[in-house]
Ligand code: HGY
Ligand code: MN
Ligand code: MN
């Protein structure tokens, strides 16, 4: 029988193992979707699932599932997991922590669950493709395809900044799967680092997200005229990057048009062509994000952003092209699963903090299919999407204990029984 300390040792051994896949000198990971480092992490995950005796399935967009039909094919499936892709030069915990904790918890519960004890549910462990939306947009792509938001073919045809389609990148690493996806779950649980400062500042060690913010993601392009940056008279230039620079400032200024903290806005990526020091930029592509819990704020900010983009294009006498404009509406996670999380946390001597998640998670599209929830552990300094992203080892252990306790309860008592013990 493995005790908690042994399980925690196993968790940290896995975290150390996976931190080597794309590990960076600063202690983070560079593991964007379908890169070789991502391939290596995927392979190690599949090997672990097989060693744990789970049925492995890799679906048409490279989502990896590990199935344990403990309760029989007609019983409900409880799914748990997260993602193995990372931001460029990002952190070693975002996504990975949830995949490893879920796998260790299910592996342990399967091993401990003798055939003689009745099981109320089946388990599915998952690693979703392209959650981060770094190499391919939109984000949470694999889980959205699974949830039916996009069809697999459309999702596979997304191209990265070098024009490489997701289907070709997955094929190149051997993860363009052909298996059926996992059965539709009756519940989805995700363990994740907070990716923000609130738990640490409030002195809480566990968080339960009860709602997610809405997010509008716009990809737009200014189109100017290439010219020599030397002799071309200033008045005759059509500089796409100057228009982009004006808009970047305008997007940041949007925060002041709303109550403090109501809108989080950014331009995180700018692609310039031909990107030569002595050519007037003919193209500048911006990736804009507008996040708020209030749909009216997002709509108003979106209108203001569009007005600012048109004004910048007019001032610089360049063209403007909106290439992608997606709204992921705000929503709420399952109150039943939240009640289960609080009950298990109480048994661990913890009173979790209620939180919003402003970051997206795969649990958001899964909420279209079934009750879904994300539980969180503190991020030291609130740092996330950066090499020094970190969480205290004892908090990583506690987050694992919370997830394990939730899964253990539903295994024995079912989703309804688990809450009312
Ligand atoms: O976009 C997000 O919030 C997630 O971290 N990919
Ligand atoms: Mn994540
Ligand atoms: Mn992330």
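Within region 378-390, which residues are buried (at least 24 other Cβ atoms within 10 Å of the Cβ) and within 16 Å of ligand 1 (Cβ to nearest atom)?
379, 389
When the residues of region 184-209 are narrowed to those that are surrounded by fewer than 17 Cβ atoms within 10 Å (Cβ to Cβ) and more than 16 Å from ligand 1 (Cβ to nearest atom), which ends up nearest to residue 39 (Cα to Cα)?
Filtering first and then ranking leaves 184.
Name the single residue that is nearest to residue 222 (Cα to Cα) among those in region 292-304 being in contact with a helix residue (DSSP H, G or I) (Cβ under 7 Å, 6 or more places away or on another chain) and surrounded by 20 or more Cβ atoms within 10 Å (Cβ to Cβ).
301
Mind listing whichever residues of region 231-272 are within 16 Å of residue 218 (Cβ to Cβ) and in a loop (DSSP other than H, G, I, E, B)?
263
Can you tell me which residue among 327, 340, 366 is within 16 Å of ligand 1 (Cβ to nearest atom) and more than 15 Å from the chain's Cα centre (by Cα)?
327
Would you call residue 175 more than 16 Å from ligand 3 (Cβ to nearest atom), free of Cβ contacts under 8 Å to residues at least 24 places away in the same chain and over 30 Å from residue 397 (Cα atoms)?
no
From the residues in region 140-157 that are assigned to a helix (DSSP H, G or I) and more than 20 Å from residue 212 (Cα to Cα), which one is farthest from ligand 2 (Cβ to nearest atom)?
153
If you check every pair at least six apart or on different chains, which have Cβ atoms under 7 Å apart with a residue in region 234-252 that is modelled with pLDDT under 95 first and a residue that is in a helix (DSSP H, G or I) second?
none
Residue-wise test of (1) under 22 Å from residue 386 (Cα atoms); (2) in contact with a strand residue (DSSP E or B) (Cβ under 8 Å, 6 or more places away or on another chain).
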position	(1), (2)
170	no, no
198	yes, yes
206	yes, yes
210	no, yes
216	no, yes
222	no, yes
231	no, no
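From 246, 200, 190, grab the single residue that is within 16 Å of ligand 3 (Cβ to nearest atom) and either in contact with a helix residue (DSSP H, G or I) (Cβ under 8 Å, 6 or more places away or on another chain) or over 30 Å from residue 403 (Cβ atoms) (or both).
190
If you check every pair at least six apart or on different chains, which have Cβ atoms under 7 Å apart with a residue in region 110-139 that is part of a helix (DSSP H, G or I) first and a residue that is modelled with pLDDT of 95 or more second?
110/52; 110/53; 110/68; 110/70
Any residue in region 56-64 that is touching a strand residue (DSSP E or B) at 6+ places or on another chain (Cβ under 9 Å), away from ligand 1 (no atom under 12 Å from the Cβ) and more than 30 Å from residue 159 (Cβ to Cβ)?
No, because not a single residue in region 56-64 is touching a strand residue (DSSP E or B) at 6+ places or on another chain (Cβ under 9 Å), away from ligand 1 (no atom under 12 Å from the Cβ) and more than 30 Å from residue 159 (Cβ to Cβ).
Considering only region 283-375, give the strands (runs of 3 or more DSSP E) lying wholly within it that have at least 3 residues that are modelled with pLDDT of 95 or more and more than 16 Å from ligand 3 (Cβ to nearest atom).
Qualifying strands (runs of 3 or more DSSP E): 283-292, 319-328.
What is the one condition in (1) touching a helix residue (DSSP H, G or I) at 6+ places or on another chain (Cβ under 8 Å); (2) within 18 Å of residue 54 (Cα to Cα); (3) in contact (Cβ under 8 Å) with a residue 60 or more places away in the chain that residue 107 does not satisfy?
(3)
The values are calculated or read from the model by the stated rules, or taken from the named source; none is laboratory data. Given the structure is predicted, the values throughout are model-derived calculations rather than measurements. All Cβ positions, glycine included, derive from the backbone under ideal geometry; neighbour counts span all protein chains shown.
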